[in-house]
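Here's the structure, in structure tokens; my notes come after.
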Amino acid sequence: ASLLPRRSACLRRAASKLSVVAAMGDDPIKEWILTEGKATKITGTSSIGGGCINAAQRYETDAGSFFVKTNRRIGPAMFEGEALGLKAMYDTKSIRVPLPYKVGSLPSGGSFIIMEFIQFGRSRGDQVTLSRNPFHTKKKVTLHFILQAFISILYLEQIGHCQSALGRKLAEMHKAAKSDKGYGFYVENTIGSTPQINTWTADWIEFYSKHRLGYQLELISQRFGDSAIYEKGQQLIENIQPLFDGAVIEPCLLHGDLWSGNISSDTNGDPVILDPACYYGHNEAEFGMSWCAGFGGAFYNSYFEVMPKQPGFEKRRDLYLLYHYLNHYNLFGSGYRSSAMSIIEDYLRMLKA
Ligand code: ADP
């Protein structure tokens with residue numbers, strides 16, 4: 001009889017252990033944190049805002065904090081691309097990026113990524129960031145541009161002291177990671193939510209023409225039936241070569257989507273970059289989102305000290321903005337058409353094409 005209470009206590013313990021295992025099986029995020037993440041308990045979770053696409057959470061545990069993004073609709077391919085990009089940048093030991101830990105599928109559909117949690121410094125906490133496009137009507141896009149410029153100036157002032165470190169460390173990353181496979185990446189990834197094609201290609205002009213400008217033009221033509229921009233864009237692609245005269249181009253690891261929403265600094269004031277769309281490309285393509293990044297003179301001066309400016313840098317600047325304007329046209333609609341079209345037309349005039 002004296003064995004009975006002991007046996008039932010054992011059974012209860014076994015049953016509760018089983019239910020923990022079952023619960024963990026239902027939740028692969030908790031499961032990873034409590035096994036490979038080396039935590040024995042999760043003390044709290046909280047939502048983090050500011051993302052454009054996914055839900056983000058901080059998991060606090062007795063082994064430190066973890067940053068987790070989930071997407072209920074899409075499979076793990078997008079986060080696998082993000083993890084490969086983060087790891088490639090992390091391995092350069094140059095600019096700070098969160099170390100990715102785990103990507104997986106959610107049992108109810110969708111996927112997740114777990115990575116190092118980074119405590120941002122003042123510049124991030126107080127930073128006002130603007131989503132890529134909070135306005136979805138044509139009329140309001142002008143207002144969006146004005147706001148974007150204003151917020152870029154605010155942002156620039158806030159992180160003024162970080163600008164030079166950001167420029168230097170970004171250049172160190174570009175310098176450190178070269179590819180022997182040419183231009184492209186190990187997987188396709190996404191720019192915003194648009195697929196980004198990364199087929200390895202030996203020649204940069206071919207890669208940028210086909211997989212960056214050409215791909216976006218095709219999408220615009222399919223989605224909006226805009227044959228005018230498609231044809232003028234193709235005409236630019238056919239005449240693009242002289243823009244690269246005299247430039248030495250090497251495949252450097254790029255963050256790929258560098259705008260103020262993806263730039264921060266840690267509690268030491270060191271720059272941090274997040275949420276990449278990495279590929280190996282011409283380093284100047286990294287400045288394609290500079291219209292939303294607030295890079296100032298201190299940034300570029302430090303950058304060029306490590307990665308010297310190539311002949312023709314200024315005349316290629318708009319060519320690299322064009323990819324992102326075309327992508328914004330695809331993502332947010334025709335409010336971005338005129339910016340893209342005027343870049344194309346200016347080049348056609350300049351190149352007498
Ligand atoms: P999305 O994929 O939806 O665009 P982000 O990668 O931009 O999401 O992340 C959303 C927000 O979470 C960011 O604006 C940033 O404030 C915060 N964040 C991103 N990565 C980390 C991290 N490793 N540690 C702490 N906070 C992070």
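The values are calculated or read from the model by the stated rules, or taken from the named source; none is laboratory data. Computed from a predicted structure; not experimentally measured. Cβ: placed from backbone, ideal geometry, glycine included. Neighbour counts: every protein chain shown.
A few points about this structure:
- Qualifying positions in region 171-208 - surrounded by 20 or more Cβ atoms within 10 Å (Cβ to Cβ) and touching an Asp or Glu at 6+ places or on another chain (Cβ under 9 Å): 171, 174, 183, 189, 191, 196, 198
- Flag for residue 48 being β-branched (Val, Ile, Thr), within 9 Å of the ligand (Cβ to nearest atom), closer than 26 Å to residue 269 by Cβ and free of Cβ contacts under 8 Å to residues at least 60 places away in the same chain: yes
- Any hit, region 220-236, residues being in contact (Cβ under 8 Å) with a residue 60 or more places away in the chain, surrounded by fewer than 22 Cβ atoms within 10 Å (Cβ to Cβ) and touching a Gly at 6+ places or on another chain (Cβ under 7 Å): no
- Any pair with Cβ under 7 angstrom, 6 or more apart, that starts in region 293-311 at a residue that is over 12 Å from residue 172 (Cα atoms) and in contact (Cβ under 8 Å) with a residue 60 or more places away in the chain and ends at one that is assigned to a loop (DSSP other than H, G, I, E, B) and among the small types (Gly, Ala, Ser): 310/247; 311/246; 311/247
- Residue in region 289-311 that is assigned to a loop (DSSP other than H, G, I, E, B), modelled with pLDDT of 95 or more and under 30 Å from residue 221 (Cα atoms) present: no
- Here region 285-343 is the region considered, the condition is being of a type in the set (D, E, K, R) and more than 20 Å from residue 194 (Cα to Cα), and the residue that is surrounded by the fewest Cβ atoms within 10 Å (Cβ to Cβ) is 314.
- Residue that is farthest from residue 325 (Cα to Cα), among those in region 250-271 that are away from the ligand (no atom under 14 Å from the Cβ) and among the aliphatic types (A, V, I, L, M): 253
- Of the helices (runs of 4 or more DSSP H) lying entirely inside region 173-260, those containing at least 2 residues that are farther than 25 Å from residue 306 by Cβ span 215-224, 227-238.
- Residues that are of a type in the set (Ser, Thr, Tyr) and more than 13 Å from the ligand (Cβ to nearest atom) were ranked within region 93-108; the one that is farthest from the chain's Cα centre (by Cα) is 108.
- Scanning region 70-87 for residues that are within 23 Å of residue 197 (Cβ to Cβ) and of a type in the set (D, E, K, R) turns up 73, 80, 82, 87.
- Look at (1) free of Cβ contacts under 8 Å to residues at least 60 places away in the same chain; (2) touching a strand residue (DSSP E or B) at 6+ places or on another chain (Cβ under 8 Å) and you find that residue 321 fails only one, number (2).
- Residue that is of a type in the set (S, T, N, Q) and surrounded by 19 or more Cβ atoms within 10 Å (Cβ to Cβ), where the choices are 94, 105: 94
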